[in-house]
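The values are calculated or read from the model by the stated rules, or taken from the named source; none is laboratory data. Being a predicted model, the structure only gives us computed values, none of them experimental. Quick reminder, even Gly has a Cβ in these numbers, built from the backbone with ideal geometry, and neighbours come from all protein chains shown. With ligands, DNA and RNA removed, areas are computed over all heavy atoms of the protein, side chains included. Shrake-Rupley method; radii C 1.70, N 1.55, O 1.52, S 1.80 Å.
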Amino acid sequence: MSGDILGNGNEDLFTNKKKACQGDPAGLNLNLGDSCDIGPENARQRRQSAYQVRLNAAGFERDLPLPGHPCNGDELLYANKIGNFSKALPHNQLGEVNLNAYQAYIEALTTGDPADFTAIPLGGVVKLANPQAAYAYEMAGPDSHHLRTVPPPAFSSAWEAGEMAEVYWQALTRDVPFTDYDTNPLTLAAASDLSGFSDFRGPKAGGLVTPGTLFRMDVPGDLVGPYVSQFLWQNIPYGATSITQRYQVPVAGVDYMTTYAAWLNIQNGLPPTAAIQYEGTPRYIRNGRDMGEYVHKDFSCEATLSACLILLGLGANALAPTNPYLHSDTQVGFSTFGAPHILDFVIRVSRVALEAAWFQKFLVHRRLRPEEFGGAVQNRLTGAACYPINLELLNSQAVSEVFNKYGVYLLPQAYPEGCPTHPAYPSGHAAFSGAGVTMLKAFFKESFVLPNPVVTDSDGLSLLPYEGPLLTVGGELNKLAVNIAMGRDFAGIHWRTDGSEGLKLGETVAIRILQDYRDTYNEDFIGFSFTKFDGTTIII
């Protein structure tokens, strides 16, 4: 029967030869089971090698020590859950969460059952932001549950007080151009006030916060040169065109949630009643409000993708010295160690970093947002409640300045809707920017000096030549990561440690992905080497 279906072998051979003679290439296909591939391994060997590479990577991840997941203890300490995130759930007049609703929220997070998430009572129409991402698995790099963050500051601590004072000052100075920080009375007052906190952990000079260290982080390069990274100012090569980095920005002086009723409505998940008003002229990023709006509308890998395109435009001299094609006389990199490889890694790491952050946010810390803490300050200072807020904050110039300007102690927000409906710690923006920047430092030469650096004028309409210390790829990439993290603080929706620990988490994600891929390359490759955010060098 099979002979009737397949035909006589000699007849097929004759037919194929005849087709070939008539110019039909298919006639050359004498045996469809044959393979034309060449290389050091046959198909069976390659299949086994591919399996072994994946098995080795999985085994490497499996055999790493299991981390602990400590938290700051606020959730157990306060029965009314004032130290934890509860936005979008129903709240009482003090902004304290309905405990039945909070318990349903905890129950869903504990079981991970999709049906339990549908049973969480909400206070309005705004929904929780993707809590089930905390359970997702990844096929490359670390599992989100296999990463650790240190506990964030506790609600009543002096550390938390210093961080809250900082975001109050960031709200007060949103419209001060970064170029004016050395002379503006508000930034001078901010530096002086923050210097007086006993446990403020931002960078200092001579033991004091200065205008030059204000709202920055102590990572290599961030304290050098302008506040804004060159990668947020320089034109972006984009295929056959170029993108000028002038953005739509909000008008100055307009903040949100500066009445208690508006604040409480937002905590209960009601939609905002106002919308951002924008200037008619796009601007280069020049102040905290502009930076906050950039990270309001960006997509997850936007800043690091833009930086990657800028760096690729600088040519081979900007590539990391370990790139195996730098000194080849016969080859250039492309699918490996070329633009497609680098772009792919910069983009793909963003989602893995977000999953890592979401595990910490929902299943470990559930840290409250600064806007929620602002409500606690309001109720404490008006006598409506007696919350254990550190006196350093309550007696600070930051709090009095906010009250003098707005008549409330709430934290003024840059976004009408306030923060997203997921917990604060760590910052998702910090995690994916930290991851993307780490990838870029692995593929590009950190010591490469950026040509033709610029600085914006105070109105954000023009770029001027920058004169000052040399700006390197590594330093400006670190600064970019800090800008993205701190932009969310300027908006009023994150704390300093959300950003600093988010950067470290993203960095770890990128390192682990690079480690998993280390043995997948055929090239004579000695490995990746770059500087971490803490200033130490890692070799992969």
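Looking at G460, G418, G407, which is the one that is of a type outside the set (D, E, K, R), open to solvent by 10 Å² or more (accessible area, probe 1.4 Å) and on the phi > 0 side of the Ramachandran plot? Testing whether each residue is of a type outside the set (D, E, K, R), open to solvent by 10 Å² or more (accessible area, probe 1.4 Å) and on the phi > 0 side of the Ramachandran plot leaves just G407.
No other residue among L393, L354, L343 is open to solvent by 10 Å² or more (accessible area, probe 1.4 Å), in contact (Cβ under 8 Å) with a residue 60 or more places away in the chain and closer than 30 Å to A481 by Cα apart from L354. Among residues of the range 184-213 that are aromatic (F, W, Y), those with a Cβ under 6 angstrom from a residue that is assigned to a helix (DSSP H, G or I) and open to solvent by less than 30 Å² (accessible area, probe 1.4 Å), sequence gap 6+ or separate chain, pair up as F197/G162; F200/G162; F200/L194. The residue pairs whose first member lies in the range 150-163 and is charged (D, E, K, R), whose second member is at pLDDT 95 or above and part of a loop (DSSP other than H, G, I, E, B), and whose beta carbons are closer than 7 Å, counting only pairs six or more residues apart or on different chains, are E160/P153; E160/A154; E160/N390; E163/P153; E163/W495. Criterion applied to D524, D516 was being touching a residue at least 60 places away in the same chain (Cβ under 8 Å) and open to solvent by 30 Å² or more (accessible area, probe 1.4 Å), and the one residue passing it is D524.
So that you can scan it fast, the table gives a plain yes or no per residue for (1) in contact (Cβ under 8 Å) with a residue 12 or more places away in the chain; (2) touching a Phe, Trp or Tyr at 6+ places or on another chain (Cβ under 7 Å); (3) of a type in the set (D, E); (4) within 20 Å of A356 (Cβ to Cβ):
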{"position": "C419", "(1), (2), (3), (4)": "yes, no, no, yes"}
{"position": "L440", "(1), (2), (3), (4)": "yes, no, no, yes"}
{"position": "F448", "(1), (2), (3), (4)": "yes, no, no, no"}
{"position": "T456", "(1), (2), (3), (4)": "yes, yes, no, no"}
{"position": "G460", "(1), (2), (3), (4)": "yes, yes, no, no"}
{"position": "G487", "(1), (2), (3), (4)": "yes, yes, no, no"}
{"position": "A491", "(1), (2), (3), (4)": "yes, yes, no, no"}
{"position": "S500", "(1), (2), (3), (4)": "yes, no, no, yes"}
{"position": "L505", "(1), (2), (3), (4)": "yes, no, no, yes"}
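Of all residues in the range 207-217, at least one satisfies being surrounded by fewer than 16 Cβ atoms within 10 Å (Cβ to Cβ), modelled with pLDDT of 95 or more and either closer than 24 Å to K504 by Cα or of a type in the set (K, R) (or both). Evaluated against (1) under 30 Å from D199 (Cα atoms); (2) open to solvent by less than 50 Å² (accessible area, probe 1.4 Å), K504 falls short on exactly one condition, (2). Taking each residue of the range 232-257 that is without any contact (Cβ under 8 Å) to a residue 24 or more places away in the chain and within 17 Å of A275 (Cβ to Cβ) and looking for partners that are among the β-branched types (V, I, T) and surrounded by 12 or more Cβ atoms within 10 Å (Cβ to Cβ) with beta-carbon atoms closer than 8 Å, six or more apart or interchain, yields V254/I276. Just to be sure before I move on: is T259 more than 25 Å from the chain's Cα centre (by Cα) and over 30 Å from P121 (Cα atoms) in the structure I sent? Considered against the rule, which asks whether it is more than 25 Å from the chain's Cα centre (by Cα) and over 30 Å from P121 (Cα atoms), T259 comes out as no.
The rows are residues; the columns are (1) touching a residue at least 12 places away in the same chain (Cβ under 8 Å); (2) among the aromatic types (F, W, Y); (3) surrounded by 14 or more Cβ atoms within 10 Å (Cβ to Cβ).
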residue	(1), (2), (3)
Q45	no, no, no
Q48	no, no, no
Q52	no, no, no
H69	yes, no, yes
D74	yes, no, yes
Y78	yes, yes, yes
N100	yes, no, no
G112	yes, no, no
G123	yes, no, yes
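Answer yes or no: is there a residue in the range 242-252 that is more than 26 Å from D180 (Cβ to Cβ), crowded, with 21+ Cβ neighbours inside 10 Å and either aliphatic (A, V, I, L, M) or more than 26 Å from the chain's Cα centre (by Cα) (or both). Scanning the range 242-252 turns up no residue that is more than 26 Å from D180 (Cβ to Cβ), crowded, with 21+ Cβ neighbours inside 10 Å and either aliphatic (A, V, I, L, M) or more than 26 Å from the chain's Cα centre (by Cα) (or both). Looking across the range 256-295, just one residue is among the acidic types (D, E) and surrounded by fewer than 23 Cβ atoms within 10 Å (Cβ to Cβ), and that is E279.
Kindly evaluate F533 against the criterion of being farther than 30 Å from F85 by Cα, open to solvent by less than 20 Å² (accessible area, probe 1.4 Å), at pLDDT 95 or above and of a type outside the set (A, V, I, L, M). Judged against the criteria, F533 is not a match. Scanning the range 479-529 for residues that are under 19 Å from the mean Cα position of the chain (by Cα) and either outside any helix (DSSP H, G or I) or hydroxyl-bearing (S, T, Y) (or both) yields A491, G492, I493, H494, W495, T497, S500, T508.
When restricted to residues that are among the β-branched types (V, I, T) and assigned to a loop (DSSP other than H, G, I, E, B), the range 300-331 contains 2. Criterion applied to E446, E401 was being open to solvent by 30 Å² or more (accessible area, probe 1.4 Å), at pLDDT 95 or above and part of a helix (DSSP H, G or I), and the one residue passing it is E401. Scanning the range 181-215 for residues that are out of contact with any strand residue (DSSP E or B) (no Cβ under 6 Å at 6 or more places or on another chain) and part of a helix (DSSP H, G or I) turns up P185, L186, T187, L188, A189, A190, A191, S192, D193, L194.
Checked against (1) under 30 Å from R289 (Cβ atoms); (2) in contact with a Lys or Arg (Cβ under 7 Å, 6 or more places away or on another chain); (3) hydrophobic (A, V, I, L, M, F, W, C), V437 meets all criteria but (2).
Entry remark, the range 223-255: residues being farther than 24 Å from T210 by Cα and outside any loop (DSSP other than H, G, I, E, B) number 9 in total.
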